[in-house]
Amino acid sequence: MSNLVEQYKIIQHFTRQYAGEGDLDQARAAVAAITPVAEKRNAKAQYMLGKYYSWGYGEDCDNQKAIYWFEKAADKGNEKAAEALANLYRYDFPDDEIEAQTKKDFALKWHKRWIAILENKATKGIAGAAQALMNLYVNDCPDDIDPEEGVEIARKWYDRWIEILKAKADKGDMSAKKKLADILHYGTGVPDEVLELIEDDDTDTSEDDAAALYSEVAVGENDAEGWCNLGQIYSQSEEDWQKSLDCYMKAVELGYKEAYRCVGSAYFEGRGVEKDLAKACEWYRKGAEAGDVLAQLMLADCYKCGTGVEKDYTAAMKLYRQIASRRDLKGEYKHERGTAQYEIGNMYMKGLGVEADLRQAYDWFKLAAVGNCNLAAENALNSKKFRDFKR
């Protein structure tokens, strides 16, 4: 079995390469090795052969062979193979090989088959299948279904996804509890269109359910992230601010870096504790030293504005540059990188702690706007001050 897995990895790696790259001889050897396995009705091997022939180079690219193996795998319940067939007919089949209406009909057929396979799995309690159906009806709705109706169907599969996870959580599955809490509180993995439907539901109890789940995870596992997330929920109600701060402090004791910043924000805003800007700054510094990007950004803002600490443009610039130069920031933290780049540009434009330099300001604003979609930077670039740099 381990050798078979290695052959799969070779084909997987090969089909991820750009045209003209990859070890063709090695890939062909892997195909030869798994073909007998595929002939014995192994769906994974059949799918991998379909993938190889749909991606192969030159004479190895063979849509008919790809269809043959994908169909075998799909008939065995492999949803990836059904998806591949739908996409092959929609996007990859040359127009001179099959007429447009026939392509459209086959694409819809396999799109429906893809859905049917996922529905069967979701009905049997596979959470990932229900999640996939939710996303599919929003982002890749079948052509014969109105997109608005697709969103309504997606909401139903969201409910099934939640139902499956709740069943696992009720049996004490901590990972299911945490995932479910993240979905209910943050909307993790849920398309915006579905979230809008949920928000319009007057009977929605997501926040209360999330709080109960985070509490179980935090207490049961002494989970630092669970304590911090529970603190975030409590922070939304003034009567629970003290509970919120207590949760953050438990997370701090467990070394959760984001919790330092949350304690700092509690002091900054006076939530559950007397407002104290100096202490807020100290907690932001602890968070920054622990590696929390948001805490680092807040500390930089404190230095720039003289909030809770003596104004220090040099210290602020140093922190902004540290954030702006980071290449490991993904997802939401790209926003923080863009903000730091914008702030650097702003300091160069206004001459805060540095000599005013419109060229530097323009370059930093452009970096923030183009690379990290910072709206403030986009607006700044429209200033007449920079018209000469746009030529």
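The values are calculated or read from the model by the stated rules, or taken from the named source; none is laboratory data. Quick caveat, the model's predicted, so the values are computed rather than measured. All Cβ positions, glycine included, derive from the backbone under ideal geometry; neighbour counts span all protein chains shown. Accessible surface areas use protein heavy atoms only, side chains included; no ligands, DNA or RNA. Shrake-Rupley method; radii C 1.70, N 1.55, O 1.52, S 1.80 Å.
How much net charge surrounds Arg160 when only the other residues with a Cβ under 12 Å from the Cβ of Arg160 are counted, with Lys and Arg +1 and Asp and Glu -1? Don't skip to the answer; put the middle values down first.
Working: positive: Lys121, Lys124, Arg155, Lys156, Lys166; negative: Glu119, Asp159, Glu163.
Around Arg160, the surrounding residues sum to +2.
Split the accessible area of region 232-383 by element, probe 1.4 Å, and carbon with sulfur accounts for 48%. Surface calculation, 1.4 Å probe, protein heavy atoms: His13 sits at approximately 110 Å² accessible. For the chain, a simple Cβ point-charge model (Lys and Arg +1, Asp and Glu -1, everything else neutral) yields a dipole of about 1500 debye relative to the Cα centre.
Is region 282-324 best put as rounded, prolate or oblate by its Cα gyration tensor, with a ≥ b ≥ c the root eigenvalues, rounded for a/c under 1.5, and otherwise prolate when a/b is larger than b/c, oblate when not? The shape class here is oblate. Averaging the sequence gap over all C-alpha pairs within less than 8 Å and six or more residues apart, then dividing by the number of residues, gives region 338-391 a relative contact order of 34 percent.
Run the numbers on the chain and let me know its relative contact order in percent, using alpha-carbon pairs under 8 Å that are six or more apart. Mind dumping the intermediate values first?
Details: 524 pairs, mean separation 20.9, N = 391.
Relative contact order, the chain: 5 percent.
Cα extents for region 215-364 along the principal axes, largest to smallest and rounded to whole angstrom: 55, 32, 23. Simple point charges give the picture: +1 on the Cβ of Lys and Arg, -1 on the Cβ of Asp and Glu, and for region 278-343 a dipole about the Cα centre of about 180 debye.
Based on every Cα atom in region 203-252, Rg and the maximum pairwise Cα distance Dmax equal 10.3, 35 Å. Restricting region 234-338 to trypsin sites (Lys or Arg not before Pro) that sit in a DSSP loop and have at most 15 other Cβ atoms within 10 Å of their own Cβ leaves Lys275, Lys311, Arg326, Arg327, Lys330.
When every alpha-carbon pair in the chain is counted, what percent end up more than 29 Å apart?
Working: 47776 of 76245 pairs.
Of all Cα-Cα pairs in the chain, 63 percent lie more than 29 Å apart.
For region 92-242, the solvent-accessible area with a 1.4 angstrom probe is 54 square angstrom per residue. Classify region 148-209 as rounded, prolate or oblate, taking a ≥ b ≥ c as the square roots of the eigenvalues of its Cα gyration tensor: rounded when a/c is under 1.5, otherwise prolate if a/b is larger than b/c and oblate if not. Taking the square roots of the gyration eigenvalues as a ≥ b ≥ c, region 148-209 is prolate.
In sequence order, region 77-86 has phi-based couplings of x, 8, 5, 5, 5, 5, 4, 4, 5, 4 Hz under the Karplus curve 6.51 cos²θ - 1.76 cosθ + 1.60, θ = phi - 60°, and Gly or Pro positions carry x. Probe radius 1.4 Å, ligands and nucleic acids ignored: give me the carbon and sulfur share of the accessible area of region 72-216 as a rounded percent. Summing carbon and sulfur atoms, their accessible area is 46 percent of the total for region 72-216. Computed from point charges on the beta carbon alone (+1 for Lys and Arg, -1 for Asp and Glu), the dipole magnitude for region 190-241 about its Cα centre is near 380 Debye.
Whole-Hz Karplus values for region 245-254 come out as 5, 4, 5, 4, 5, 5, 5, 4, 4, 8 Hz, taken residue by residue from phi with 6.51 cos²θ - 1.76 cosθ + 1.60 and θ = phi - 60°; glycine and proline positions read x.
Using C-alpha pairs under 8 Å with a sequence gap of at least 6, the mean separation divided by the residue count of region 1-132 gives a relative contact order of 16 percent. Across the chain, the longest run free of exposed loop sites, meaning GluC sites (Glu not before Pro) lying outside DSSP classes H, G, I, E and B with no more than 16 other Cβ atoms within 10 Å, spans 100-273.
All Cα-Cα separations within region 192-280 were binned at 10 Å from zero, giving a P(r) of 19, 41, 28, 12, 0, each value a whole percent of the pairs. With θ taken as phi - 60° and the Karplus curve 6.51 cos²θ - 1.76 cosθ + 1.60 applied, the whole-hertz 3J(HN,Hα) list for region 181-189 is 4, 4, 5, 5, 8, 9, x, 4, x Hz, x standing for glycine and proline. Projecting the Cα atoms of Ala107, Pro94, Ala129 onto the charge dipole of region 81-167, computed from C-beta unit charges around the Cα centre, puts Ala129 farthest toward the positive end.
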